[in-house]
Structure formats: structure tokens, C-alpha cells
Amino acid sequence: MSTATTATTGGPIAPAPAPTPRRPRPGRAWIHTVIGIVLVAIMLFPVYWMVNASLAPAGNSLNTQWLPLNPDFSGYSRAIADQGQNLITSLIVAIGACVLSVAIAAPCAYALAQFRIRGTAVLLFVVLISQMIPGIVIANALYTVYTPLGLINSIPGLILADASQGIPFAILIMRAYLETFETSIVEAARVDGCGHVRAFWSIVLPVSKNSLITAGIFSFLFAWSDFLMALTLTTGETIRPVTLGLYTYIGTNDTDWSAVMSTAVLSSLPAVILMIIAQKYVAAGATGGAVK
Amino acid sequence: MTTTATQPVARAAGPGSAARRRARRGDLLVRYAFIAPAALYMIAFFGYPILKNVVMSFQDYDFATFFNGKAPFVGLANYTATFSDPIFLRALGNTGLFTIGSIIGQFVIGMALALYFRKKFPLSGFLRSLLLLPWLLPMIVSAAVWRWILEQDNGALNRFLEGVGLISDPIPWLVSSSTALVAVIIVNIWLGIPFNVVLLYSGLQSIPDELYEAGQLDGATGWKSFWHITLPMLRPVVSVVLLLGVIYTIKVLDLIIGLTGGGPANATQTLATRSYEMSFIEFDFGQGAALSNILILIALAFSLVYLRANARAAKNG
């Protein structure tokens, strides 16, 4: 039974990282570590520089020191005073888009993976292609309908628009997982008279928790990082995500770089926190999103 | 048993009574209900915008349209205006240079790092996951940071280059039309490296070690083993990485707007930024739509090649 199902539904590429047995050479291994650290340090220099500049004294950041020996937090207090509201807007929009993406994508991914009904192949193709449509196309058209609908400068408007990245991605990630999902438990439940909705809610969702988390994290990050929709679908200062706040900050004449960099650090925090607490999901999403 | 695996219970019930038929229709409705929200969303937020863009590209759709609702059809006028606009040709050329430069840089550096991290050494996994960081930051954050690094007088890059004696005068990275595109490409390479490393690394992991051991016996080491074993084995992954890279790069907008705004003197203008400018700065939505339709066509062409390559990779993998 189980072999038969996995043979028929077994997913295409699951890039299985085969463990590579290498002969250990302890002495040289540490040299590799040192070189590795240097390479990563070069790559992450801009991130370091962001943190470093955020700790430079305000107004005096024209000559940022190489090391933040006298950290000054006035950049952060200015950033929070100027951008605090925008950070909260971003948080609401990102959580909203994340919840909406997963709520819409999860049942669809399950249906695409498990139900053999007409139209699924077309839908799957559309989902794949939609990921490649430039955002400016969506923004262009949305602006013209958002205006009469009163969705310009609104949180629901941004949530709906930002989910345009999360939904296709979440569908693909979860479908890839559910394709390899063992159907026998669902079938057993169905034979016992359990409806599709109940089977989905109380069996499929709990089992596919990991792919739900991966999809959720990425939907959140997409919406949190969004700049284009914020740029085109908001016009005032009332509803302004922090990405747009940062952009207008750079544009001001007397750019206070320590405040700008403090804002940049604050806007990076969700990504960093998610990476620390959910490392394996992030890596899974990074590979799963591209190779299906 | 295998048949029920793909087509559960409903089929097994057989034709039977009207009640049973009704039940089956109900079952089908429930199944479609799983898809309906996503299908409706896709229609509203992808189907409609694409259709609307096509229609708008044949209309004189400007700011006044929002007040008087008039958007007369003008045939191909938006397209002829687009093609005869010198900035369009500039943007097209820049899009090409930006894409090719970014892809080559990202791929070469990404491949080198992926190969390096294939070695087994302490902390390798931890360092590899740190490499992901630039990819997770919002693009506009990276743009802000790099703007500060590339600043002419006080930027870290010029200070470093002057410090080691490579240059004597600071380079106006983002404000000179001869260096701006190069600077923007460098930043985009930095952004794309993590993605390349992740995919290429996972591709490298699936090459069996025995191949290298066999190659070693035949005298294939170092570069030889890279050319004759690694690259051929990695080909499906490489084509997916390159094509996805192109698809992502041609639509990059945040980064360029954040770094240079398309300037100076259109030196970093691309199709995406120009389309934004047309619609939202000059409020000529018709011509903006014409431009973004050209962008869609280019993206779509690469997407179809990508889908084919991906399907082939899936079959071989």
C-alpha cells in the first residue's frame, strides 16, 4: 500500500542532501574554517556597516568610524520617533498578508496535490507563471481600480496587494510537500465517514505543519519587504509601511545617516529573528521555491 | 487499492441511486470549494491586472481619466510613442546590461562559494546560513545601506580604496553616469549571491562522491574534475538557477529606485523603472502599460524556457 502510493504520487525533485563522507583532516579543516569566516565577513560587511553606522552619533555620521567604540543610540530614538508608526503599519500589513496567504493557499495546495479534478493543471500552470509577472504590471492596474474602490491608502488594500507574492509561493511550497504526503490516513478517515473539510482541518493541516510554517514565514517576509505596492498604492503619510518610510528618509536633504541606518536595522530585525528561530524552514523555502 | 489512492471513495461508489448521485455532486462541490478562494484571488490580482494592462496600453489613459473617466482608444499610439522614445532604447539596453552583468557576477561568485562550502570543516553549516542574510533583508534596506557605502566623500568603499592606495580621488559611484550602472550591478550581484549559493550547493550535494573518486583514479582533479564531473552533473540545476536569475533580475525595481532613481541622466533606467516612471511620475498610464507589456513578454519568454528546463530537471532528477 504505502509503496504503491509513494510510487504514484512521489514528488519529482526533492533535493535530498546526501551526506558526503570525506576523510577528515583536522589540521586543514580549521584553516578552511578561517577562510570561510573571512569570506562570510566580506559578504556581510554591508550588514555590519549598517549596524555600525546606526550607532554613530547623529549629525556627526559623515565620518563613520570603522568600529562603534562609542555607541550612540540617538539614531534609534530618532528612528523610533519618526518611523515607529510606519513599523507598526508594516507589522499589521505583513501579518495580515501572511495569514491571508496561508489561509487561501493551504486548501488550494491540498486540492492541487490530492484531488484529481478538472482545471487543476491549468491552475497550477497559472500559479507558476504568476510568480514571474513583474510587480509593476500588478501595481499599474491595481492603482486604477483601487482609486474608485477607495483602497488607496488603506491597510486592507496593501494586504491584498502584498499577498500577490505570498499566495503563489505558498501554494507551490505546500503542494510540493503534500504531493509526497501519505494519503492513507486521510483515506482511512474518509472511509470512516469523515468529510473533506474535516479531514483537511484535523489531519492534513497538523501533519503539514512544517510546510505551513515555511509558507507563512516567506509570505510574511515578502509583505514586510514590499516596497513597490507601498510606493504606488499609498499617497499620504497616514498609511506608510517602513520600507517607504526608509525611502523618503534617504531622499531628505539633510540625510541623518545614523537615523536612516537605525531604521534600516529595525526593518531588518524580522528577517534576522526569523532566520535565527526558524533556520531550517528558511533554507527549505529557499530551495523549495525554485526547484519543484 | 492503488486506484483509491489517487481517486478516493467517490468513484468506488458506482452509479447507483439519485441520492448517491447528489452526494457525489456535493462532494465535487466541496472539492472545488478548496480551490475557489485561490482561483478567485488569482483572477482578481493576476488575471485582471494583465488584461487591464493590455487594454490600457491601447488607451489614452492619463491623470484626467480619474476625474472624467474618459480613456479614448488610440490604437498603437502608445507603442509607437514607446519605441520612438530614446529613453526606451536606453532602458532596454540598460536592462540587458544589468541582467547579464548581474547574472554572470552572481553565478561565478555563488558557484565559487558553493564549491568552497562543500568542503567539510567546522562551522561550515552555520557560516552557510549566515550567507543567506543579504537575501532576506528588504531590498530597499540594502539599497539604503549601499547608498551610504557608495557615497562619494564619506562612503566606506572610497575610504577603503583610498586607504589602500588603489585610487587617489574618490569615485562618484552613484552620481556619475559612467559608473552608476556598474555600481547598481555590483549591489545586485551582492543581493543575488545567496540565492545562487543555496541552489548550487544543494545541487552539488546530490553528486555522488564515488564519481570524484573514480575521476581521481583517472587523473581528474581540481579544474579537470570541475569541468568533466561537476559541471555536467550540475547542468539541470545550473540552467534553472540562470533562468530564474534572469526572470528575477529583469523586474528588479526597488533596488534601482532606492539607489539612483534611474538616474543620473537615465544611466540606470531599466524597463521596470521606466514603466513605473511613465505611470506614476508622468501619469501616462497608457504608455506605462505598453512598457510593462513589453516587460511581460520578455519575462514570459524566459519563464517558458524555465518551465521546460525545470520539467526536464524534474524528470532527470
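The values are calculated or read from the model by the stated rules, or taken from the named source; none is laboratory data. Just so it is clear, the model here is predicted, and its values are computed rather than measured. Heads up, the Cβs are rebuilt from the backbone with ideal geometry, glycines too, and the neighbour counts pull from every protein chain shown. These accessible areas exclude ligands, DNA and RNA; they are computed on the full protein's heavy atoms, side chains included. Shrake-Rupley method; radii C 1.70, N 1.55, O 1.52, S 1.80 Å.
Please go through region A:257-279 and give me each residue that is more than 15 Å from residue B:145 (Cβ to Cβ) and either facing chain B (nearest Cβ under 10 Å) or not in a helix (DSSP H, G or I) (or both), ordered by number.
Matches in region A:257-279: A:270, A:274, A:275, A:276, A:278, A:279.
Working carefully through the options B:44, B:23, B:19, find the one that is more than 7 Å from chain A (Cβ to nearest Cβ), at pLDDT 95 or above and farther than 25 Å from residue A:179 by Cβ.
B:44
Pick from region A:245-256 the residues that are outside any loop (DSSP other than H, G, I, E, B) and open to solvent by 10 Å² or more (accessible area, probe 1.4 Å): which of them is nearest to the other protein chains (Cβ to nearest Cβ)?
A:247
Quick one: which helices (runs of 4 or more DSSP H) lie wholly within region B:128-241 and hold at least 3 residues that are within 12 Å of chain A (Cβ to nearest Cβ), open to solvent by less than 40 Å² (accessible area, probe 1.4 Å) and free of Cβ contacts under 8 Å to residues at least 24 places away in the same chain?
Per the criteria, B:139-149.
Restricting attention to region A:45-85, and to residues there that are open to solvent by 90 Å² or more (accessible area, probe 1.4 Å) and not in a helix (DSSP H, G or I), which single residue is modelled with the highest pLDDT?
Per the criteria, the residue is A:73.
If you check every pair at least six apart or on different chains, which have Cβ atoms under 6 Å apart with a residue in region A:120-144 that is surrounded by 21 or more Cβ atoms within 10 Å (Cβ to Cβ) first and a residue that is basic (Lys, Arg) and not in a helix (DSSP H, G or I) second?
So the pair list comes out as A:134/B:251.
Select from region B:59-81 the residues that are more than 14 Å from chain A (Cβ to nearest Cβ), open to solvent by less than 70 Å² (accessible area, probe 1.4 Å) and at pLDDT 90 or above and list them in ascending order.
B:74, B:77, B:79, B:81
Can you confirm whether residue B:258 is surrounded by 24 or more Cβ atoms within 10 Å (Cβ to Cβ) and not acidic (Asp, Glu)?
Yes, satisfied.
Go through (1) under 20 Å from the mean Cα position of the chain (by Cα); (2) at the interface with another protein chain (Cβ under 9 Å from one of its Cβ atoms); (3) open to solvent by 10 Å² or more (accessible area, probe 1.4 Å) and name the single condition residue B:315 misses.
Result: residue B:315 passes all but (1).
Any residue at all in region B:143-156 that is touching a Lys or Arg at 6+ places or on another chain (Cβ under 9 Å) and small (Gly, Ala, Ser)?
Checked region B:143-156: at least one residue is touching a Lys or Arg at 6+ places or on another chain (Cβ under 9 Å) and small (Gly, Ala, Ser).
Any idea which of (1) open to solvent by less than 50 Å² (accessible area, probe 1.4 Å); (2) modelled with pLDDT under 85; (3) assigned by TED's automatic domain parsing to the domain that holds residue A:258 is the one residue A:29 doesn't satisfy?
Here residue A:29 meets the rest and fails (3).
With respect to residue B:32, determine if the residue is at pLDDT below 95 and surrounded by 20 or more Cβ atoms within 10 Å (Cβ to Cβ).
Against the criterion (at pLDDT below 95 and surrounded by 20 or more Cβ atoms within 10 Å (Cβ to Cβ)), residue B:32 does not qualify.
Can you find even one residue in region A:90-99 that is touching a Phe, Trp or Tyr at 6+ places or on another chain (Cβ under 6 Å) and open to solvent by 20 Å² or more (accessible area, probe 1.4 Å)?
Within region A:90-99, one or more residues are touching a Phe, Trp or Tyr at 6+ places or on another chain (Cβ under 6 Å) and open to solvent by 20 Å² or more (accessible area, probe 1.4 Å).
Within region B:261-286, how many residues are open to solvent by less than 20 Å² (accessible area, probe 1.4 Å) and out of contact with any Pro (no Cβ under 7 Å at 6 or more places or on another chain)?
14
Just to be sure before I move on: is residue B:303 among the polar types (S, T, N, Q) and farther than 16 Å from residue B:253 by Cα in the structure I sent?
The answer is yes for residue B:303.
Look through region A:119-150, keep the residues that are in a helix (DSSP H, G or I) and among the small types (Gly, Ala, Ser), and return whichever of them is farthest from the other protein chains (Cβ to nearest Cβ).
Going through the qualifying residues, I end up with A:121.
Return the residues of region B:157-203 that are within 19 Å of residue B:145 (Cβ to Cβ) and of a type in the set (D, E, K, R); say none if nothing qualifies.
B:159
Go through A:217, A:239, A:203 for me and flag whichever is open to solvent by less than 40 Å² (accessible area, probe 1.4 Å), touching a residue at least 12 places away in the same chain (Cβ under 8 Å), among the β-branched types (Val, Ile, Thr) and assigned to a loop (DSSP other than H, G, I, E, B).
Result: A:239 is the single residue among A:217, A:239, A:203 that is open to solvent by less than 40 Å² (accessible area, probe 1.4 Å), touching a residue at least 12 places away in the same chain (Cβ under 8 Å), among the β-branched types (Val, Ile, Thr) and assigned to a loop (DSSP other than H, G, I, E, B).
Just to verify a result, which residue in region A:179-200, among those that are in contact with a Ser or Thr (Cβ under 7 Å, 6 or more places away or on another chain) and closer than 22 Å to residue A:103 by Cβ, is surrounded by the most Cβ atoms within 10 Å (Cβ to Cβ)?
Selected residue: A:181.
When region A:178-200 is examined, which residues are found to be touching a residue at least 40 places away in the same chain (Cβ under 8 Å) and not small (Gly, Ala, Ser)?
A:178, A:179, A:180, A:181, A:182, A:183, A:186, A:200, listed by residue number.
Restricting attention to region A:194-226, which residues are within 9 Å of chain B (Cβ to nearest Cβ) and more than 16 Å from residue A:153 (Cβ to Cβ)?
Those that are within 9 Å of chain B (Cβ to nearest Cβ) and more than 16 Å from residue A:153 (Cβ to Cβ): A:195, A:196, A:197, A:200, A:221, A:224, A:225.
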